[in-house]
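Please read the structure below before turning to the comments.
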Amino acid sequence: MSSIISSFQKLYRKCLSCPAQGDLGRRYECSVCGQEVIYCGNCFDDGKNKPTKKHKYYHPMKAIYNRATFDLYFCGEELINGEAPQSFKCAFCGEMGFGTEELQMHVLTKHSDHPDADDLMEIFKQMNKVKKGQDKSEPEEETDAPAKAENESTEIRCQEKSRGGLSYEVILAEPAPNVAVPKRPVTPGKNVSVEEIEQKLKAAEERRISLEAKKMAEISTKLAKVEEATRKKDEITNEFITQTKEQLETKMESVVEKREAIISDMKEKLKIHAQEIEKTRETLEQQKANEQKAIEEKLKIAQSLRDENIKKMLDRLKEHERRAELVRQNKAQTQDMDGQQNAIASSG
């Protein structure tokens, strides 16, 4: 554990675009400028890889992962010969998913006339030289591994070679100081007997069988882990489906109960409302009947009053006519009397 902590301290990094620092988990490092140009994964994804006087826009950026982030992204995928494919983006056209050799061929075939193509090809040549030098020095590093100090840990940067991959870094524990270096077998000379050859062949066959058995055991273990993981995943999925189904059924039952309660309440309210409407209708009809009766009574009274007034008026007219007749008779008598007097006077 102390070696891993010391390794993370050695891998202390700082992003050039944001305050992120320390173990960045996933970072992008310039293949030319090295650790002078480092961006965290988020800043690089957002296109914050800004060129400077030294750092050019076409410099290939390597993606580097620590072990925890690698397991998170690749789900425990194992290394192949200590390497993993690296994915680059073409700085001239923006096409992604190239390995080093593929990007080199892409630039040669499609961007050979670009003004920066020659500089980029020179960078590829330097990267290939460095890679070849690392390939040649790998056996020596394996031979010298037991002689390393106990407190040191190893950082392996694995380069990607196929399209669509990523690079990462793996932090290993301290090498065991007491591991013996395997010696190369002595080449048999001319004086080796047939029995010795048979024994060596038998031993080699036993070793081969042992290695095959070991590989088969490892494969069986991995298959068992995969089956166990699949089983757990199926259990979790089935449990999730069951719980979700139960929750949906409970929710549907609650919704149905609420809907029925609402419908029942609405029916009760409508029933009460209908009763109130019926009562109001009956009250209005009774009021209408009473008003109709009162109107009829008023009409009868008015009719009787009108008849009585007409009778009084007729009586008055008759009285008036009788008086007028008397006045006419009196006037006629007066005129007759005056005529007689005038005649007597004229005759005398």
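The values are calculated or read from the model by the stated rules, or taken from the named source; none is laboratory data. The model shown is predicted, which means the values in this text are computed figures rather than measured ones. Methodologically, a virtual Cβ is constructed for each residue, glycine included, from the backbone with ideal geometry; neighbour enumeration extends over all protein chains shown. Quick note on the areas: whole protein, heavy atoms, side chains included, nothing else; ligands and nucleic acids left out. Shrake-Rupley method; radii C 1.70, N 1.55, O 1.52, S 1.80 Å.
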Counted residues in the range 4-17 being open to solvent by less than 70 Å² (accessible area, probe 1.4 Å), modelled with pLDDT under 85 and polar (S, T, N, Q) come to 2
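How many residues are under 34 Å from the mean Cα position of the chain (by Cα), in a loop (DSSP other than H, G, I, E, B) and at pLDDT 80 or above if we restrict to the range 93-115?
Final tally of qualifying residues: 3.
Residue by residue, here is whether (1) part of a helix (DSSP H, G or I); (2) in contact with a Lys or Arg (Cβ under 6 Å, 6 or more places away or on another chain); (3) open to solvent by 100 Å² or more (accessible area, probe 1.4 Å); (4) at pLDDT 90 or above holds:
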site	(1), (2), (3), (4)
ALA289	yes, no, no, yes
LEU314	yes, no, no, yes
LYS331	yes, no, yes, no
GLY339	yes, no, no, no
For the range 18-75, list the strands (runs of 3 or more DSSP E) that sit wholly inside it and hold at least 2 residues that are basic (Lys, Arg) and open to solvent by less than 80 Å² (accessible area, probe 1.4 Å); which are they? 26-30
Restricting to the range 21-46, count the residues that are modelled with pLDDT of 85 or more and over 25 Å from PHE124 (Cβ atoms). 4
